[in-house]
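Visitor: Take a look at this one; I'll ask things after.
The values are calculated or read from the model by the stated rules, or taken from the named source; none is laboratory data. Because the structure is a prediction, the values reported are computed rather than measured. Note that we place each Cβ from the backbone using ideal geometry, even for glycine, and neighbour counts take in every protein chain shown.
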Amino acid sequence: MDSNRQALARNDPAVWAAIAGEEERERRGIELIPSENYTYPEVFAANGSVLTNKYAEGYPGRRYYGGQEFTDAVERLAIERACRLFRAEHANVQALSGSPMNQAVYFAFLDPGDTVLAMDLSHGGHLTHGAPVSHMGRVFNFIRYRTDPANEGAIDFDAMLAQAREHRPKMILCGYSSYPRDYDYREFKRVADDVGALTMADVSHIGGLIAGNAMANPLDHGFDVMTTTGHKTLRGPRSGLILSRAEHRRKIDKAVFPGLQGGPHMNAVAALAITLGKALEPEFAVYARQVLSNAKVLADELMSRGAELVTGGTENHMMVLDTQASFGIDGRIAEETLDKVSITVNKQLIPDDPLPPLRPSGIRLGSPAATTRGMEEAEMKLLAEWIMDALRRHRDEERLDAMRQDIERFCLRFPVPGVTPSDAGAASPRRSSAARPRTPDARG
């Protein structure tokens, strides 16, 4: 244990116990939430560095405080790497996370009351894309397009064009948090050009897959702005990244600072620079392709065992399982059941869900974190068997406990980056040895 961790363990044992407990939970279980991942040890180092101490309001070469030699260097490095990686003309790396990242784009181009055409939340859109409960949904006029569940979640672009001609949006936004398909960016651009709208793509979920050239890049299709978070498939820190054409530089930078936030978190900017550098390496493209392959195998295996998936499969890193149709249980029960066997997922709305958000009809699963730990197609098949077995036998506590022990032994074979057994918490209530797991009986 390094000296900083020793100091924390000694001086604030309550906080240390929570951190150590989380380390042990991550080692012994598997994250299948598609928006979660395991970051690099170098990111941990940057996030905990002396850059935490420094205020850096402004932009490189134009700061409000002195002493910016090294903050300027690290921010310029992040900007240069971001532009090179995503083939962008401009990058702003200061947004603190995904929500303020998107808010900054709205305020850069829109006036209160302006219309935005974006994906409906229950069909896969994100809270920040104008959901009525969000502040942005109160400031701007969001009109929502939907998918066609009967046609594997396809988007009817002719219907979208009719919507756009009726409402004349100033911006057309594509992006999702639970849509298991790829987007046709050319069609979005066709609709936007017809009504003179700006184009924005929020690719927070698939930013790493775009960086690894495993999925299409909206900027290659003439989009005005693309946003992505640093974590999720990019495997970096919790941060926001705004990429755009050069003509939008001034508006976007002013919207971030001073328009929306003050000093950037320079420790996170440094961690993002590291992440972008990693994504420029050839190995990252291999990783991105493996994420897609693992997701497809997991989806296919679940469906072959009787699970009903929204859109009938996946074209990206995620899938949405209709637990109500497949097992007769809501998503909250499914999430809690899988928690009991150390598989972490999240409850999820399905298109036009009749159930409320906290007890929706489905769960959402993804492959990035499992892939980061070195799991491949064979492991996806095993995970699918466990998931189906657990959800079919969700009332059988004895069976669930036996499965948990098997799964934890299985997970210990795949290290979590930056977390070693000697670092992990000693107070975890879940203990097991790292033996090869039994193959679960999925017939129940």
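Visitor: Identify all residues within the range 298-311 that are within 20 Å of the chain's Cα centre (by Cα) and in a helix (DSSP H, G or I); write none if there are none.
Guide: Within the range 298-311, the subset within 20 Å of the chain's Cα centre (by Cα) is 298-299, 309-311.
Listed by number, the residues that qualify are LEU298, ALA299, VAL310, THR311.
Visitor: Given the conditions (1) part of a loop (DSSP other than H, G, I, E, B); (2) under 19 Å from the mean Cα position of the chain (by Cα), report the number of the one that SER293 does not fulfil.
Guide: (1)
Visitor: Return the only residue of GLY48, GLY113, GLY98, GLY61 being exposed (fewer than 15 other Cβ atoms within 10 Å of the Cβ), touching a residue at least 12 places away in the same chain (Cβ under 8 Å) and either under 19 Å from PRO264 (Cβ atoms) or touching a helix residue (DSSP H, G or I) at 6+ places or on another chain (Cβ under 6 Å) (or both).
Guide: Details: GLY113 fails: either under 19 Å from PRO264 (Cβ atoms) or touching a helix residue (DSSP H, G or I) at 6+ places or on another chain (Cβ under 6 Å) (or both); GLY98 fails: exposed (fewer than 15 other Cβ atoms within 10 Å of the Cβ); GLY61 fails: touching a residue at least 12 places away in the same chain (Cβ under 8 Å).
The unique qualifying residue is GLY48.
Visitor: May I pose another question? Taking only pairs six or more apart or across chains, which ones have beta-carbon atoms under 7 Å, a first residue in the range 300-324 that is basic (Lys, Arg), and a second residue that is in a helix (DSSP H, G or I)?
Guide: Note: pairs meeting the criteria are ARG305/ALA384; ARG305/MET388.
Visitor: Taking the stated definitions as given, is ASP352 modelled with pLDDT under 95, more than 23 Å from PHE410 (Cβ to Cβ) and of a type outside the set (Phe, Trp, Tyr)? Walk me through how you get there before you give the answer.
Guide: Details: modelled with pLDDT under 95: yes; more than 23 Å from PHE410 (Cβ to Cβ): yes; of a type outside the set (Phe, Trp, Tyr): yes.
So ASP352 passes the test.
Visitor: Looking at the range 148-169, can you tell me whether even one residue there is under 22 Å from the mean Cα position of the chain (by Cα), surrounded by fewer than 19 Cβ atoms within 10 Å (Cβ to Cβ) and part of a helix (DSSP H, G or I)?
Guide: So far as the range 148-169 goes, no, none of its residues is under 22 Å from the mean Cα position of the chain (by Cα), surrounded by fewer than 19 Cβ atoms within 10 Å (Cβ to Cβ) and part of a helix (DSSP H, G or I).
Visitor: Report, by residue number, each residue of the range 268-287 that is touching a Gly at 6+ places or on another chain (Cβ under 7 Å), of a type outside the set (A, V, I, L, M, F, W, C) and over 11 Å from LEU241 (Cβ atoms).
Guide: Result: TYR287, single match.
Visitor: Quick one: which helices (runs of 4 or more DSSP H) sit completely within the range 51-140 and have at least 3 residues that are polar (S, T, N, Q)? Write out each step before concluding.
Guide: Numbers: elements: 69-86, 98-109, 135-139.
Because the criterion is at least 3 residues that are polar (S, T, N, Q), the helices (runs of 4 or more DSSP H) in the range 51-140 that meet it are 98-109.
Visitor: Of the conditions (1) within 24 Å of ALA211 (Cβ to Cβ); (2) of a type outside the set (S, T, N, Q); (3) without any contact (Cβ under 8 Å) to a residue 40 or more places away in the chain, ASP330 fails just one. Which one is it?
Guide: Checking ASP330 against (1) within 24 Å of ALA211 (Cβ to Cβ); (2) of a type outside the set (S, T, N, Q); (3) without any contact (Cβ under 8 Å) to a residue 40 or more places away in the chain, the one that fails is (1).
Visitor: Scan the range 213-243 for residues that are within 25 Å of GLN261 (Cβ to Cβ) and assigned to a loop (DSSP other than H, G, I, E, B) and jot them down. Can you show your working first?
Guide: Kept after step one, since they are within 25 Å of GLN261 (Cβ to Cβ), are these residues of the range 213-243: 218-219, 223-243.
Matches in the range 213-243: PHE223, ASP224, GLY230, HIS231, ARG235, GLY236, PRO237, ARG238, SER239.
Visitor: Also, I was wondering about something else. Filter the range 312-334 down to the residues that are surrounded by fewer than 24 Cβ atoms within 10 Å (Cβ to Cβ) and of a type in the set (Val, Ile, Thr) and list them by number. Before the answer, list the steps.
Guide: In the first step, residues of the range 312-334 are kept if they are surrounded by fewer than 24 Cβ atoms within 10 Å (Cβ to Cβ); the result is 312-313, 315, 322, 324-330, 332-333.
Those that are surrounded by fewer than 24 Cβ atoms within 10 Å (Cβ to Cβ) and of a type in the set (Val, Ile, Thr): ILE329, ILE333.
Visitor: For the range 129-162, how many residues meet the condition of being out of contact with any Gly (no Cβ under 7 Å at 6 or more places or on another chain) and among the hydroxyl-bearing types (Ser, Thr, Tyr)?
Guide: Final tally of qualifying residues: 2.
Visitor: I need the full set of residues from the range 359-414 which are in a loop (DSSP other than H, G, I, E, B) and closer than 12 Å to VAL341 by Cβ, in order please. Walk me through it before giving the result.
Guide: So in the range 359-414, the residues in a loop (DSSP other than H, G, I, E, B) come out as 359-361, 367, 373-376, 393-396, 412-414.
Within the range 359-414, ARG393, HIS394, ASP396 qualify.
Visitor: Looking at the range 21-43, which of its residues are in contact with a helix residue (DSSP H, G or I) (Cβ under 6 Å, 6 or more places away or on another chain), assigned to a helix (DSSP H, G or I) and either surrounded by 19 or more Cβ atoms within 10 Å (Cβ to Cβ) or of a type in the set (Ser, Thr, Tyr) (or both)?
Guide: Matches in the range 21-43: ARG28, VAL43.
Visitor: Scan the range 223-243 and tell me whether some residue there is free of Cβ contacts under 8 Å to residues at least 60 places away in the same chain, touching a strand residue (DSSP E or B) at 6+ places or on another chain (Cβ under 7 Å), assigned by TED's automatic domain parsing to the domain that holds ALA268 and on the phi > 0 side of the Ramachandran plot.
Guide: Scanning the range 223-243 turns up no residue that is free of Cβ contacts under 8 Å to residues at least 60 places away in the same chain, touching a strand residue (DSSP E or B) at 6+ places or on another chain (Cβ under 7 Å), assigned by TED's automatic domain parsing to the domain that holds ALA268 and on the phi > 0 side of the Ramachandran plot.
Visitor: Buried (at least 24 other Cβ atoms within 10 Å of the Cβ) and not in a helix (DSSP H, G or I) - does that describe any residue in the range 266-284?
Guide: no
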